[in-house]
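Novice: I'd like to ask some things about the structure below.
The values are calculated or read from the model by the stated rules, or taken from the named source; none is laboratory data. Owing to the predicted nature of the structure, the values given are computational and were not obtained by experimental measurement. FYI the Cβ positions are ideal-geometry reconstructions off the backbone, even for glycines, and counts take in every protein chain you see. For accessibility, only protein heavy atoms count, side chains too; no ligands or nucleic acids. Shrake-Rupley method; radii C 1.70, N 1.55, O 1.52, S 1.80 Å.
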Amino acid sequence: MKRILLLSLLCSQLFAADPVEADFYKITTFATPKETAMEVGSIDLMPDGKLALGTRRGEIWIVSGAGSNDASNVSYKLFASGLHEVLGIAYNPRTRISTPPRAMRSRASKTLTTMVVPMSLKM
Amino acid sequence: MTRLLFAILVTAASARAVEPALFSLKTMTAQMKYDTAEFLVQPGQPVKITFENGDDLPHNLVFCQPGTDTAAMAMKQMEKPEEALKRNWLPDDTRIWAHSKMLNPHEKEVLSFSAPEKAGSYPYVCTFPGHALTMRGVLKVAPVGDTLHDLHFALYLGNWQNLPDFSKLKPHREGTIEDNLLQVKLDDYKNEFGVVFTGKLLAPKKGSYRFYLSSDDGSRILVDGKEILAYDGIHPSGDIKEQGITLEKGEHDFRLEYFQGGGQIELYAAWKGAETQITPLSKWLHPKWQGGTKKQKEFEPIPLVVTNEAVIYRNFIQGAGNRGIGVGYPGGVNIAWSAESMNLSLIWRGAFMDASRHWNSRGGGHEKPLGYDVLQPTGEVTPAFFVAEKPDAEWPKWDKTKRYEGFHWLGYSLDAKRNPTFRYTWQGAEIEESFTVEGNGNKPEGNAKLLRTIKVSGKLPANAWYRVGSGSFTSKDGMFIGKGPLPYRITVNDAQLAGQNLVVPAKTGTMTVTYQWAQ
């Protein structure tokens with residue numbers, strides 16, 4: 001009897017709780033690649049609908065299916081690695097992706113063409 | 001009779017009173033870690049540890065014999081959890097030789113014991129279920145090294161910005177130091193003086209030894225007349241500099257030169273052998289010398305492992321500036337390229353880099369190479385190309401506020417093995433540099449070599465030189481042997497030794513430079 005009372009008390013408290021983020025946005029949880037820490041510092045949406053993510057660990061990942069409601073449709077491809085903290089990223093029709101590395105950001109932000117991404121992987 | 005005498009001597013030696021070692025050890029809140037990763041004590045030394053549980057979970061402190069798999073030992077308790085619970089999670093294991101109670105959150109206990117007589121690494125661990133994997137450390141038992149003998153000092157007067165050539169000066173006062181510890185006595189002068197300390201140091205056997213130095217202002221250490229560590233100039237005592245060398249068994253001449261400009265007076269020197277702990281040779285102890293404990297590093301190490309292709313790490317690398325590009329090649333040889341000076345900055349053997357400093361928190365500061373035998377063939381962040389009438393000219397020095405003129409960075413491209421080719425222009429000529437590795441740098445006897453290929457196209461200015469090494473070299477059979485605490489060899493065609501510069505006349509075409517550690 002006591003236990004039931006406690007449970008109903010908890011429930012009523014839950015309904016009266018402050019609104020949370022999910023009350024306003026639909027939140028879908030994605031799994032990220034296990035081999036890295038996906039600490040994303042920059043994002044750009046590309047014309048084909050794929051996402052380009054730049055990470056603190058100097059990687060650029062291309063995400064397919066990021067707009068899907070089903071998390072299992074999402075796939076990741078490593079586009080570049082060995083960069084210095086990808087703090088900014090922009091799609092560039094000529095060179096595909098431009099990024100200013102950390103130590104050069106002030107200079108690169110003006111032109112966005114200090115392009116040192118090795119194009120070893122096709123998108 | 002001889003044996004009896006020996007026995008008496010040994011007893012007398014071990015009976016020599018050793019000061020008790022006092023430590024404090026805390027558990028860290030919500031991290032499943034002790035705050036101290038290592039304690040250093042002498043064999044048989046009395047030890048007193050104040051163990052404080054600052055965490056919100058129960059923890060204990062259990063010392064085991066060397067080689068104990070502490071995680072497996074703690075895990076084994078889960079086979080009979082009821083019994084283990086009765087023992088308050090202290091394993092019933094003969095390898096345990098000292099332990100605390102299971103402390104509740106915010107309890108404290110003082111443990112007193114004598115350190116084992118046998119030198120070795122004795123693990124300590126929390127044996128509460130699930131804690132042993134991360135909550136552990138090592139009690140290191142090692143004897144202290146010898147200190148200096150016959151320590152003399154000579155005091156000189158003068159106002160210097162750098163260490164002078166003391167051999168040309170006349171000492172103001174000389175004498176011996178009774179307790180044989182390096183110290184600056186302030187009887188007569190507080191500013192503008194220098195001291196040369198000379199004494200003997202006994203290496204108990206042939207092997208590697210390491211020296212430590214810090215001072216305010218400048219100082220250097222010479223062993224058997226050779227400089228092994230220098231910390232010259234006017235500066236606060238800052239970091240502790242260190243350098244390893246190989247010493248033959250027996251007595252060695254030790255010389256430490258020191259000078260004081262004005263302000264603070266500090267001098268710290270220490271040494272250690274393969275089997276002895278860091279032993280101060282000075283009276284003053286540096287605040288960064290932990291006095292026998294090693295606190296947990298702020299972050300867990302993230303070593304970057306090189307397997308079958310090159311690994312690139314662009315970051316702030318100590319000795320390669322802010323635009324450092326570290327490359328770990330398969331074969332245990334690593335380089336740091338500087339995109340500020342467009343030149344090779346560092347070469348080292350063994351492990352590549354630890355990324356934990358840069359991949360945690362704000363990621364500030366310069367990280368040093370993780371491996372060993374670090375070579376810096378041409379000084380810190382200086383360019384290779386330079387125009388000078390004579391090759392013994394002084395090369396440009398790094399000015400952190402400026403760019404080197406005439407250079408333009410073009411980036412790098414990767415081949416199938418992800419080996420980078422660095423590209424840049426200088427005075428209109430286009431240059432490509434790439435590296436290959438021979439031998440095995442993971443073993444000191446692995447005969448590791450770094451081959452550097454430089455391809456120049458376009459027109460170069462007149463009197464252009466390419467510097468491959470700086471410092472003192474001797475030349476033998478077409479090789480140049482860099483002198484210093486870490487000898488290495490440079491092989492290159494058409495090289496000229498000019499003053500402190502080892503240079504090649506810069507030409508259009510391809511040339512190869514080989515860097516190799518002396519065996």
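Novice: Take the alpha carbon atoms of segment B:306-328, find their center, do the same for segment B:225-285, and report the distance between the two centers in whole angstrom.
Specialist: Centre-to-centre (Cα) distance: 31 Å.
Novice: A further question follows. Which of the aspartates and glutamates could a cross-linker span from B:Lys33 if the Cα-Cα distance has to be under 15 Å and same-chain partners fewer than 8 positions apart are dropped?
Specialist: Filter leaves B:Glu52, B:Asp55, B:Asp56, B:Glu298, B:Glu300.
Novice: Moving on. Rg over Rh of segment B:252-355, using C-alpha atoms and the Kirkwood radius, what does it come to?
Specialist: On the way: Rg = 19.0 Å, Rh = 17.4 Å.
Rg divided by Rh gives 1.09.
Novice: Once the other residues with Cβ under 15 Å from the Cβ of B:Glu445 are scored (Lys, Arg +1; Asp, Glu -1), what is the net sum? List each step's numbers first, then the result.
Specialist: Details: positive: B:Arg349, B:Lys443, B:Lys449; negative: B:Asp373, B:Glu438.
It works out to a net charge of +1.
Novice: Would you be so kind as to identify which of B:Asn501, B:Ala355, B:Trp465 lies farthest towards the positive end of the dipole of the protein assembly as shown, taking Lys and Arg as +1 and Asp and Glu as -1 on Cβ and the Cα centre as origin?
Specialist: Checking the options against the dipole of the protein assembly as shown, the answer is B:Trp465.
Novice: I need the calculated FRET efficiency for the pair B:Thr453 and B:Leu497, taking r as the beta carbon distance and R₀ as 30 Å, to the nearest 0.05. Mind dumping the intermediate values first?
Specialist: Values: r = 22 Å, r/R0 = 0.74.
Between B:Thr453 and B:Leu497 the formula returns 0.85.
Novice: Still on this structure, please answer the following. From other protein chains only, count the Cβ atoms within 10 Å of every residue's Cβ in B:357-363, then give the mean. Write out the running numbers ahead of the final one.
Specialist: Working: counts 0, 6, 7, 2, 0, 0, 4.
Average per residue, whole number: 3.
Novice: Which whole-number percent is the relative contact order of segment B:465-519 (Cα, under 8 Å, 6+ apart)? Let's see the in-between values first.
Specialist: Details: 96 pairs, mean separation 20.8, N = 55.
It rounds to 38 percent for segment B:465-519.
Novice: Add +1 for every Lys or Arg and -1 for every Asp or Glu among the other residues with Cβ under 15 Å from the Cβ of B:Ser472, and state the total.
Specialist: +3
Novice: Count charges around B:Val110 for me, please; just the other residues with Cβ under 14 Å from its Cβ, Lys/Arg as +1, Asp/Glu as -1.
Specialist: In short, +1.
Novice: What residues of segment A:42-82 lose no less than 40 Å² of accessible area with every protein chain in place versus their chain by itself (probe 1.4 Å, heavy atoms only)?
Specialist: Residues passing the criterion (a loss of at least 40 Å², heavy atoms only) are A:Arg56, A:Arg57, A:Gly82.
Novice: Given 5 Å bins starting at zero, what is the percent of C-alpha pairs of segment B:298-441 in each, up to the one with the largest pair distance?
Specialist: All Cα pairs considered, the percentages come to 2, 10, 18, 21, 20, 14, 9, 4, 1, 0, 0.
Novice: I would also like to ask the following. Let me have the 222 nm mean residue ellipticity of chain B computed from DSSP H runs of 4+ only, each contributing -39500 (n - 2.57), with the sum over all residues rounded to the nearest 500.
Specialist: Working: 3 runs with 26 residues, N = 519.
Value at 222 nm, helices only, nearest 500: -1500 deg cm²/dmol.
Novice: So what's the angle, to the nearest 10 degrees on a 0 to 90 scale, between helix B:2-14 and the longest Cα principal axis of chain B?
Specialist: Around 90 degrees separate the two axes.
Novice: Excluding ligands, DNA and RNA, what is the accessible area buried between chains A and B, summed over both sides, using a 1.4 Å probe, to the nearest 100 Å²?
Specialist: Interface between A and B: roughly 1600 Å².
Novice: How much accessible area per residue does the protein assembly as shown have, counting only protein heavy atoms and a probe of 1.4 Å, in square angstrom?
Specialist: On a per-residue basis, 53 Å².
Novice: While we're looking at this one, here's another question. Could you order B:Glu174, B:Glu257 so the one with the most accessible surface comes first? Probe is 1.4 Å.
Specialist: B:Glu174, B:Glu257
Novice: When the Cα centres of segment A:33-95 and segment B:51-81 are compared, how far apart do they sit, in Å?
Specialist: 43 Å
Novice: Then there is this: Where the Cα atoms of the protein assembly as shown are projected onto their three principal axes, how long is each span, largest first, in whole Å?
Specialist: Reported extents, whole Å, longest axis first: 97, 81, 47.
Novice: So, one more: Express in whole angstrom the spacing between the alpha-carbon centres of segment B:363-408 and segment B:136-157.
Specialist: Between the Cα centre of segment B:363-408 and that of segment B:136-157, the gap is 35 Å.
Novice: Going toward the positive end of the dipole of segment B:153-218, with +1 on Lys and Arg Cβ and -1 on Asp and Glu Cβ, which of B:Trp160, B:Leu201, B:Pro171 do you reach last?
Specialist: Farthest towards the positive end: B:Leu201.
Novice: Follow-up question, since we're still on this one. Which of the three applies to chain B, rounded, prolate or oblate, going by the alpha-carbon gyration tensor with a ≥ b ≥ c and a/c under 1.5 meaning rounded?
Specialist: It comes out oblate by the Cα gyration axes.
Novice: If you don't mind, another one. Counting only other chains, what is the mean number of Cβ atoms within 10 angstrom of the Cβ of each residue in peptide B:407-414?
Specialist: Average per residue, whole number: 3.
Novice: Shape call for segment B:32-131 from the C-alpha gyration tensor, a ≥ b ≥ c root eigenvalues: rounded (a/c under 1.5), prolate (a/b greater than b/c) or oblate?
Specialist: The shape class here is oblate.
Novice: Could you please put B:Lys402, B:Lys33, A:Lys50 in sequence from largest to smallest accessible area, using a 1.4 Å probe?
Specialist: Heavy-atom accessible area, descending, gives B:Lys402, A:Lys50, B:Lys33.
Novice: B:Asp477 to B:Lys417: extension gain in nm, 0.36 nm per residue of separation minus the Cα-Cα distance? If you can, show how the numbers build up before the last one.
Specialist: Values: separation 60, 0.36 × 60 = 21.60 nm, distance 3.40 nm.
Contour length minus Cα-Cα distance gives 18.2 nm.
Novice: How crowded by other chains is B:310-316, given as the mean number of beta carbons from other chains within 10 Å of each beta carbon?
Specialist: 5
Novice: Given B:Gly233, B:Cys126, B:Tyr258, which one lies farthest toward the positive end of the charge dipole of the protein assembly as shown, if we put +1 on the Cβ of every Lys and Arg and -1 on the Cβ of every Asp and Glu?
Specialist: Highest projection toward the positive end goes to B:Cys126.
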